[in-house]
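Inspection log for the structure reproduced underneath, given as structure tokens.
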Amino acid sequence: MKAGAKPYLVARSHDGVPSDVPAARWPSRWPDTAAAEAMAVDAAAEAGLSSLELLLGSELGRLDAHTSAHCARVARLALALATDLGLAGEQREILYLAARVHDVGKVGIPDAILHKSQALSGVEWEVMKSHSLRGEHIVRTGLRVPFGEQIALVVRHHHEHYDGDGYPDGLRGHAIPLASRILAVVDNYDAIRVARDYHPPRSHRSTLAILASERGTKHDPLILDALLSHDRHWFEQQAALD
Ligand SMILES: [Fe+2]
């Protein structure tokens, strides 16, 4: 991490929504026991994903190949960044599972909008934006697993902006669930970096430059700093990108 960037420890507020507090200290290297625990949590997250895929099977199976691959890359990046930020246990699992299904609400968005190469009209943009609420609904109604409610909330808020200019609720700063803020950063990295119908692929360097220009507006500064502190090799390892 960059000097001055504070890692997070995660606590649970009284209503069960994740909240975050700065960690007093961050070890320079994971001890072996912590690494073993992280691996166990990742295995649990994979097991959770299996049950989640089973329960949401028909919905996830209807996602187009591009969106499905995007969700898989974003989930790997999210899990790696979660380690930097000190997320542990169920918070890692919630983040990972939410990342894997964060765009499931795009099921049902017409292809003419989803794959349009020109700018969306105002009405089309509203339809596109509805995917975060559709996703929350699909997860909430289709999922009967531990932490299902938290996963649904993370999906709902993955397009909120740190300055309050996002959607669907215009939440600002730490009112946005921590996992949604982390997800927003890695989601944006992949969305910018990889070709979409409306833009060509961008280089790793220009992707980071775009993200850096959104520090404190679109993205939580400390979370963004943690991501930007990594070299290109780290990104290639997590997301298997060129
Ligand atoms: Fe999305």
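Screening Q118 with (1) touching a residue at least 24 places away in the same chain (Cβ under 8 Å); (2) part of a helix (DSSP H, G or I) gives one miss only, at (2).
Applying a threshold of 7 Å to beta carbon distances and a minimum spacing of six or more residues, or different chains, the list of pairs starting in the stretch 90-106 at a residue that is modelled with pLDDT of 90 or more and ending at one that is polar (S, T, N, Q) and within 11 Å of the ligand (Cβ to nearest atom) reads D103/T67; G105/S132; K106/T67.
The set of residues in the stretch 96-127 being within 14 Å of the ligand (Cβ to nearest atom) and either among the polar types (S, T, N, Q) or under 21 Å from R73 (Cα atoms) (or both) consists of A98, A99, R100, V101, H102, D103, V104, G105, K106, V107, L114.
Among the helices (runs of 4 or more DSSP H) contained in the stretch 137-242, which hold 1 or more residues that are under 27 Å from I113 (Cα atoms) and of a type in the set (A, V, I, L, M, F, W, C)? Lay out the reasoning, then the answer.
On the way: elements: 148-156, 178-193, 204-212, 221-228, 232-239.
Per the criteria, 148-156, 178-193, 204-212, 232-239.
For every residue, the table says whether it meets (1) under 25 Å from G216 (Cα atoms); (2) aliphatic (A, V, I, L, M); (3) over 16 Å from the mean Cα position of the chain (by Cα); (4) surrounded by 17 or more Cβ atoms within 10 Å (Cβ to Cβ).
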position	(1), (2), (3), (4)
I94	yes, yes, no, yes
A98	yes, yes, no, yes
L120	no, yes, yes, no
G170	yes, no, yes, no
R181	yes, no, no, yes
V185	yes, yes, no, yes
D190	yes, no, no, yes
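Being without any contact (Cβ under 8 Å) to a residue 60 or more places away in the chain, surrounded by 13 or more Cβ atoms within 10 Å (Cβ to Cβ), closer than 20 Å to I94 by Cβ and not charged (D, E, K, R) is not true of H161. Apart from one condition, K218 fits all of (1) crowded, with 21+ Cβ neighbours inside 10 Å; (2) more than 18 Å from R76 (Cα to Cα); (3) touching a His at 6+ places or on another chain (Cβ under 6 Å); the exception is (1). Evaluation of E90 against the conditions (1) more than 16 Å from the ligand (Cβ to nearest atom); (2) under 14 Å from the mean Cα position of the chain (by Cα) shows that the sole unmet condition is (2).
The values are calculated or read from the model by the stated rules, or taken from the named source; none is laboratory data. Note that the structure is predicted; figures quoted are calculated from it, not measured. With ideal geometry, Cβ positions are generated from the backbone for all residues, glycine too; neighbour counts draw on all protein chains shown.
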